[in-house]
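Notes for the one structure printed next.
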Amino acid sequence: MRLDNQRDSDNLEDRRGAGMGGRGGIGLGGLLLALALGYFFGIDPSALLGMLEQGAPAAVEAPAQKPPADDEMARFVSRVLSSTEDVWRETFRQSGRQYEDPKLVLFTGATPTACGTGQSAMGPFYCPLDRKVYIDLAFYRDLRERFRAPGEFAQAYVIAHEVGHHVQQQLGISDRVQAARRRAGEAEGNALSVRLELQADCFAGAWGRQADSMKGILEPGEIEQALKAAAAIGDDRLQRQAGGVIVPESFTHGTSEQRVRWFRRGFDSGDPGECDTFKASRL
């Protein structure tokens, strides 16, 4: 990716090595987050729950600082984040809204969040309660080695997807979906989650197109990196890799084909308005 002319974001928090902060109960929200996000990355939820010790850290922010100036990966993440800020600020401005930038937190191992304890094993995630994206940069090694999805645009897609959840939160979409899920059965609730996740994929694609139009960030062939990453983390592929039976009713993020399709839809159009998965008759 060509990010040399992209500014660094002011919204990056580096908690790596900062410790866990205060102690307290993890809460139901943290347990549910661990279950959902653990499943996303094909990890046995019981293994994740076993990692959450009693007396886990409370949702108190650990000390944050700016990353070292010579940390190339942190600089990459910072510039991808600033690109999402530029795109979504302009998109919101055009619709008469004001975009509120999310924070992106770098951590190692575990960190307190408003949604409970964030664990590296959950993979990158967005916490709507504090409106922050969390990532342990070791995940990029997993993306390259475990999921066979290398490349900078694959890494950028991961951030853009989580920022997509922040956009959904700002637009009130996430709250409406959560309210609907509380009234629904398990299968119907999972289906709503799939539509939410596929919309975030589409938003990530729309960001990629607009960012490239603004500053020419993409090198030839890089779009395939993001498509490969989207395919690698489809529910069907993760269940197959885990050696279990594929159970569509349990999907919460969509199949590999669906994730690729909606990212591609966002990228091809560059229009977040094309990302309404909730009205789509075919996902």
If Phe263 satisfies all but one of (1) modelled with pLDDT of 95 or more; (2) farther than 22 Å from Asp142 by Cβ; (3) surrounded by 14 or more Cβ atoms within 10 Å (Cβ to Cβ), what's the number of the condition it fails? (2)
Say whether the condition of being assigned to a helix (DSSP H, G or I) and of a type in the set (Val, Ile, Thr) is met by at least one residue in region 205-228. yes
Would you confirm whether any residue within region 233-248 is among the charged types (D, E, K, R), farther than 24 Å from Arg79 by Cα, loosely packed, with under 14 Cβ neighbours inside 10 Å and under 19 Å from the mean Cα position of the chain (by Cα)? no
Can you tell which of Val163, Val105 is touching a helix residue (DSSP H, G or I) at 6+ places or on another chain (Cβ under 6 Å), closer than 30 Å to Gln241 by Cα and surrounded by 24 or more Cβ atoms within 10 Å (Cβ to Cβ)? Val163
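Is it the case, given these coordinates, that Val177 is buried (at least 24 other Cβ atoms within 10 Å of the Cβ) and of a type outside the set (Gly, Ala, Ser)?
Details: buried (at least 24 other Cβ atoms within 10 Å of the Cβ): no; of a type outside the set (Gly, Ala, Ser): yes.
Considered against the rule, which asks whether it is buried (at least 24 other Cβ atoms within 10 Å of the Cβ) and of a type outside the set (Gly, Ala, Ser), Val177 comes out as no.
Here's the yes/no breakdown for (1) of a type in the set (Gly, Ala, Ser); (2) within 19 Å of Ala204 (Cα to Cα); (3) within 16 Å of the chain's Cα centre (by Cα):
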{"site": "Arg75", "(1), (2), (3)": "no, no, no"}
{"site": "Thr84", "(1), (2), (3)": "no, yes, yes"}
{"site": "Trp88", "(1), (2), (3)": "no, yes, yes"}
{"site": "Thr91", "(1), (2), (3)": "no, yes, no"}
{"site": "Gly96", "(1), (2), (3)": "yes, no, no"}
{"site": "Glu100", "(1), (2), (3)": "no, yes, no"}
{"site": "Lys103", "(1), (2), (3)": "no, yes, yes"}
{"site": "Leu106", "(1), (2), (3)": "no, no, yes"}
{"site": "Ala110", "(1), (2), (3)": "yes, no, no"}
Can you tell me which residue within region 201-232, out of those that are among the polar types (S, T, N, Q) and at pLDDT 95 or above, is surrounded by the fewest Cβ atoms within 10 Å (Cβ to Cβ)? Ser213
Would you check which residues across region 102-123 are under 16 Å from Val77 (Cβ atoms) and in a loop (DSSP other than H, G, I, E, B) and list them? Pro102, Phe107, Thr108, Gly123
Looking at region 68-83, is at least one residue touching a Pro at 6+ places or on another chain (Cβ under 7 Å), closer than 30 Å to Asp236 by Cα, modelled with pLDDT of 95 or more and buried (at least 19 other Cβ atoms within 10 Å of the Cβ)? no
Is at least one residue of region 181-190 closer than 23 Å to Phe278 by Cβ and within 19 Å of the chain's Cα centre (by Cα)? yes
Do any residues in region 211-231 that are under 18 Å from Val77 (Cα atoms) have Cβ atoms under 6 Å from those of residues that are surrounded by 19 or more Cβ atoms within 10 Å (Cβ to Cβ) and of a type in the set (Phe, Trp, Tyr), where the two are at least six apart or on different chains, and which pairs are they? Glu222/Phe153; Gln225/Phe153; Ala226/Phe153; Ala226/Tyr157; Ala229/Tyr157
Examine region 124-135 for a residue that is part of a helix (DSSP H, G or I), β-branched (Val, Ile, Thr) and in contact (Cβ under 8 Å) with a residue 24 or more places away in the chain, and state whether such a residue exists. no
Among Leu143, Leu198, the single one that is modelled with pLDDT under 95 and either part of a helix (DSSP H, G or I) or more than 15 Å from the chain's Cα centre (by Cα) (or both) is Leu143
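The values are calculated or read from the model by the stated rules, or taken from the named source; none is laboratory data. Bear in mind that the values here come from a model prediction, so they are computed numbers and not experimental data. Ideal geometry is used to build each Cβ from the backbone, glycine not excepted, and the neighbour counts take in all protein chains shown.
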